[in-house]
Amino acid sequence: EAEYLRLAFTATFFAGITQVTLGFLRLGFLIDFLSHAAIIGFMAGAAITIALQQLKGLLGIQKFTKKTDIISVMRSVWGSVHHGWNWQTILIGVSFLSFLLLTKYIGKKNKKFFWAPAIAPLISVILSTFFVYITHAEKKGVQIEAVAIGRTFASMKDYQLDGNKEMVALGAMNVVGSLASCYVATGSFSRSAVNFMSGCETAVSNIIMSCVVFLTLEFLTPLFKYTPNAILAAIIISAVVGLIDVKAAILVWKIDKFDFVACLGAFLGVVFASVEIGLLIAVIISFAKILLQVTRPRTAILGKVPRTNVYRNILQYPEATKVPGVLIVRVDSAIYFSNSNYVKERILRWLMDEEEKVKAACQPTIHFLIVEMSPVTDIDTSGIHALEELHRSLEKKNIQLILANPGPMVMDKLEASKFANLIGDDKIFLTVADAVSSCSPKLVENV
């Protein structure tokens, strides 16, 4: 046993060193790949996972799976229905769970009773302990526990999270903890949920919690000898239920379907596999979204808003009209190696579609293609090469390429690469309006 303890403390020490190293190397940025939508799904999945784990205490089941996925847990629950469930435990657990959920509902509906959900867990512990003591329910299969009383004190509410600081803090805690005979520790989801429900605001609550737990273990442990496991399970379940935010998930669905996929992926990953799998799925989907946005930037055809010199997306402003003989395209992203070919192909596709439309309508053929570049914050060599290929393709069609409003960084690179000389400095304008005026002034006046 001594060997096992030494191995555990050594593992804790090196886990702490690893976490501190990750923090100092600034690898905490990985947490930024968890989008808000993914976190909503992850929290809901984790809440359900925690609640399912508490069924062991709530139903009084002796043999319970150590796996966290819903299939293993439900198989364990229903496999014990005939011989493993304890009706006295269920009665205690369900009764106090109903009481906790009711007080939470009352506190949310009526602000005057904000104190009700905060003191309900403590009242539940006291009443259930007293009930077990006077009825000696522990002799009828109700499991009791002498520790784990401080779950209703502390808070994690409304703060900014720095992944690097988190790594360093957890690592330092485990390094110091290993020297004081502690096993590997991390942030407790169930404890945090209970603390959140309690309404604590600052880190002082952790100090108070530590003191209360210490005093409880030192002097009050005998009083809690008869505290049933079912009530502790009920407290945790009532706390984590609040982490399931259905309204937020519905809002994500309405705003961004891809975000909802990340939300759902994280949720299903946690519920049907594990917390680690859920996080991995969330990160992969979020990363895929970033790649999709980088490699497939938005482009738009612009038209002239009547009685102004303003040019806007014709899909957003249906009243905006196209200038005859001119195609105006806006690129809504920096042009890098990852998307340069797509941008070029997208512009040529716009041009092809537009040429077919003007031909069918017997309108003037297109002689000028203006690229609005104000959203293009940067461009690399691949991007410039794509513009050169675009210019060559347009020359074959006798269409002049014109650039409007490139930023200072982009302009410097266009000049350094001689691309500005290639198309001509007189083909780069400050605004779209100036560019249009230079190529078809008479037509613009009539639009």
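Projecting the Cα atoms of L291, G278, V212 onto the charge dipole of segment 207-298, computed from C-beta unit charges around the Cα centre, puts L291 farthest toward the positive end.
Per 0.36 nm of contour for each residue apart, how much would the distance between L5 and M74 grow if the chain were fully extended, relative to their Cα-Cα spacing?
Details: separation 69, 0.36 × 69 = 24.84 nm, distance 3.32 nm.
That pair, L5 and M74, stretches by 21.5 nm at full extension.
Rounded to the nearest 20 debye, the dipole magnitude of segment 297-445 is 420 debye, with +1 charges on Lys and Arg beta carbons, -1 on Asp and Glu beta carbons, and the Cα centre as origin.
For the listed peptides 269-280, 384-395, 289-300, 49-60, a ranking on the average number of other beta carbons within 10 Å per residue, highest first, reads 49-60, 269-280, 384-395, 289-300. Fully extending the segment from T295 to T381, taken as 0.36 nm per residue of separation minus the present Cα-Cα distance, adds 29.4 nm.
Entry comment: accessible area of segment 297-445 is 52 Å² per residue, from protein heavy atoms only and a probe of 1.4 Å. Along the charge dipole of segment 297-445, Cβ charges K/R +1 and D/E -1, which of L401, S382, I428 sits furthest on the positive end? Projecting each Cα onto the dipole axis, the largest value belongs to L401. A crude spin-label estimate for the pair Q363 and W253, with each label 7 Å from Cα along the Cβ direction, gives 4.0 nm. Mind checking the full-extension length gain between E319 and L348? Use 0.36 nm per residue of separation minus the Cα-Cα distance, one decimal, nm. So the extension gain works out to 8.0 nm. For a label point 7 angstrom out from the Cα of L430 toward its Cβ, which stretches of segment 403-420 have the backbone nitrogen within less than 12 Å? Of the residues in segment 403-420, 405 have backbone N under 12 Å from the label point off L430.
In segment 385-441, the portion of solvent-accessible area held by carbon and sulfur atoms comes to 52 percent [1.4 Å probe, whole percent, DNA, RNA and ligands not counted].
The values are calculated or read from the model by the stated rules, or taken from the named source; none is laboratory data. Note that the structure is predicted; figures quoted are calculated from it, not measured. Counting neighbours? That spans all protein chains shown, and the Cβs are built from the backbone with ideal geometry, glycine included. What goes into the accessible areas is simple: the full protein's heavy atoms, side chains included, and nothing from ligands, DNA or RNA. Shrake-Rupley method; radii C 1.70, N 1.55, O 1.52, S 1.80 Å.
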